[in-house]
Amino acid sequence: MTLRLHNTLSREKTEFAPIDPDNVRMYVCGPTVYDFAHIGNARPVVVFDVLARLLRRLYPKVTYVRNITDVDDKINARAAETGRSIKAITRETAAQFHEDMGALGALPPDVEPRATQHIKQMVAMIETLIANGNAYEAEGHVLFNVPSMPDYGQLSRLKQDELIAGARVDPAPYKKSPADFVLWKPSPEDDGLPGWASPWGRGRPGWHIECSAMSKEYLGEVFDIHGGGLDLVFPHHENEIAQSRCAHGTAVMANVWMHNGYLMAEGEKMSKSLGNFYTVHDLLQEFPGEAIRLTLLKAHYRQPLDFTKDGIREAKAELDGFYGALRGAAPAAEGTMSDAVLNALCDDLNTPLAISELHGMAATVNKAAAADKAAAAADLRTAGGLLGLLQQDPEAWFKWQPPAQADAGGGLSDDEIDALIAERVEARKAKDFARADAIRDQLTEARIIVEDGADGATWRRG
Ligand SMILES: [Zn+2]
């Protein structure tokens, strides 16, 4: 099985060769915790969760690091707006992030370092960059001097003037070169901003240095895969590379750079004013997390994705099909991994192809003779697991209802539905068809779909 990955550095799809095949090391930029995660934030989490699952299948050990940025000017601004403490905002937002991503079936990374717990490492790295002549102090700031690195810009391949225009940082008078970026900035004692003691006075780190310091701490100076959204290529990843390579004197920071494509919602760029700004938390009030996950994986990760609620409904219907195949098939504990699904994912995470292979496997389960059904269902579930899909009890899948409805007791409870179905069976036996029909109507009204099968009736919420 050959794993091939598209590398943003080379713009080519090449065979993956880990530095240490006994421990594959991957870093993905994590959230800045000040607000609910939106669906665009969830895409890299789900994409790189599939990659982590695939790597774990192929190699004996994977170290997957995804950070939490808990010091950032956006967090400071949120604290100032709301009058709440930075600590409360970051703690609650990180907990919400874990809950939302868990609901999307994303496994936690192996290490989840927080920026505020690695300030010492950031200061040490900045000191090295100053000593190496790649950074300088100016008016309480420390800046990375971009012209000091002759091959700066390899990842984004932007031209010098584009780099400067794209730097998007205010043209501060103390900068030696307009493209220079901040490693450390001052936090005067009396302005209420978070700050740590440093050789340059009380201050706080810039965003880019956080990832360079934390990836070095847990993965070393050079590691295998660095991932994130396409929007991070410049300036964030370009600047991570500059810092890490200049601090460690290495030719690369990571061998493979992977970026997921942009996400739109309902055909437009997401924005609060257009009403298409979907937080994961809100979507989970309306749809099962697994349907949202499948929607994200139906597009290849490098393609732009137009995320729509109709798309989630389609994904939910597809999952009804998969779970319908698994239901009643009593899958064995562990199936045989499908080579077709594995091959699809090994081809630069071709999730659309892998999902179409799963559909073929579900058809096989449905067509299988009774004696072969359990084994075919087990194979389907095992292959689905590689994508983080199809791991629920099928009964639980079909009984899902929106959390608000469940909390409010707005619909019939599972027990009430079971009791009505049992009563209907008895009514039919007693030839009380009026009662049986009345129960059927009551269930239909409550959007409960009853399916009469050879082994009795099953039901699902419609
Ligand atoms: Zn980063």
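The values are calculated or read from the model by the stated rules, or taken from the named source; none is laboratory data. On a predicted model such as this, the values are computed, not experimentally measured, just so you know. Backbone-built Cβ (ideal geometry, glycine too); neighbour counts: all protein chains shown. These accessible areas exclude ligands, DNA and RNA; they are computed on the full protein's heavy atoms, side chains included. Shrake-Rupley method; radii C 1.70, N 1.55, O 1.52, S 1.80 Å.
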* **Residues satisfying the stated conditions in the stretch 349-379, i.e. more than 25 Å from Leu55 (Cα to Cα) and of a type in the set (Ser, Thr, Tyr)** => Thr364
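How about the stretch 376-422: which of its residues are on the phi < 0 side of the Ramachandran plot, of a type in the set (A, V, I, L, M) and surrounded by 16 or more Cβ atoms within 10 Å (Cβ to Cβ)? First the steps, then the outcome.
Looking only at the stretch 376-422, we keep the residues that are on the phi < 0 side of the Ramachandran plot, and these are 376-387, 389, 391-408, 410-422.
Filter again for of a type in the set (A, V, I, L, M), leaving 376-378, 380, 383, 386-387, 389, 396, 404, 406, 408, 412, 417, 419-422.
Once the filter is applied, which keeps residues that are on the phi < 0 side of the Ramachandran plot, of a type in the set (A, V, I, L, M) and surrounded by 16 or more Cβ atoms within 10 Å (Cβ to Cβ), the stretch 376-422 yields Ala376, Ala377, Ala378, Leu380, Ala383, Leu386, Leu387, Leu389, Leu412, Ile417, Leu420, Ile421.
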* If you check every pair at least six apart or on different chains, which have Cβ atoms under 8 Å apart with a residue in the stretch 380-408 that is closer than 13 Å to Gly335 by Cα first and a residue that is open to solvent by 40 Å² or more (accessible area, probe 1.4 Å) and in a loop (DSSP other than H, G, I, E, B) second? -> Arg381/Gln391; Thr382/Glu334; Thr382/Thr336; Gly384/Gln391; Gly385/Gln391
* If you take the residues in the stretch 180-211 that are assigned to a helix (DSSP H, G or I) and of a type in the set (Asp, Glu), which one is farthest from the ligand (Cβ to nearest atom)? -> Asp190
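The rows are residues; the columns are (1) surrounded by fewer than 22 Cβ atoms within 10 Å (Cβ to Cβ); (2) in the same structural domain as Ala106 (by TED's automatic domain parsing); (3) closer than 30 Å to Ala213 by Cβ.
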site	(1), (2), (3)
His248	yes, yes, yes
Val252	yes, yes, yes
Lys269	yes, no, no
Tyr278	no, no, no
Gly289	yes, no, no
* Lone qualifier among Thr32, Thr93 - being in contact (Cβ under 8 Å) with a residue 24 or more places away in the chain and within 16 Å of the ligand (Cβ to nearest atom) -> Thr32
* Find the residue count for the stretch 106-138, including only residues that are in contact (Cβ under 8 Å) with a residue 40 or more places away in the chain and part of a loop (DSSP other than H, G, I, E, B). => 9
* Qualifying residue in the stretch 9-25 (condition: under 26 Å from Met270 (Cα atoms), within 16 Å of the ligand (Cβ to nearest atom), modelled with pLDDT of 95 or more and not basic (Lys, Arg)) -> no
* Asked: So which residues in the stretch 29-83 are in a helix (DSSP H, G or I), open to solvent by 20 Å² or more (accessible area, probe 1.4 Å) and among the acidic types (Asp, Glu), if there are any at all?
  -> Asp73, Glu81
* Structure fact -> Ile164: passes all of (1) farther than 13 Å from Ala242 by Cα; (2) not in a helix (DSSP H, G or I) but (2)
* Asked: In the stretch 349-362, which residues are hydrophobic (A, V, I, L, M, F, W, C) and either open to solvent by 40 Å² or more (accessible area, probe 1.4 Å) or under 26 Å from Met258 (Cα atoms) (or both)?
  -> Leu349, Leu353, Ala354, Ile355, Leu358
* Structure fact -> Residues of the stretch 240-267 being more than 16 Å from the ligand (Cβ to nearest atom) and either in contact with an Asp or Glu (Cβ under 7 Å, 6 or more places away or on another chain) or not in a strand (DSSP E or B) (or both), in sequence order, are Cys246, His248, Gly249, Thr250, Ala251, Asn255, Gly261, Tyr262, Met264, Glu266, Gly267
* **Those residues of the stretch 136-148 which are at pLDDT 95 or above, out of contact with any Lys or Arg (no Cβ under 8 Å at 6 or more places or on another chain) and open to solvent by 10 Å² or more (accessible area, probe 1.4 Å), in sequence order** => Glu137, Ser148
* Asked: What are the residues in the stretch 254-266 that are open to solvent by less than 40 Å² (accessible area, probe 1.4 Å) and over 30 Å from Asn134 (Cα atoms), if any?
  -> Asn260, Gly261, Leu263, Ala265
* Name the residues in the stretch 193-239 that are buried (at least 18 other Cβ atoms within 10 Å of the Cβ) and among the small types (Gly, Ala, Ser), would you? -> Gly195, Ser198, Gly203, Gly206, Ser212, Ala213, Ser215, Gly227, Gly228, Gly229
* To do: Restricting attention to the stretch 72-104, report how many residues are within 28 Å of Leu183 (Cβ to Cβ) and of a type in the set (D, E, K, R).
  => 7
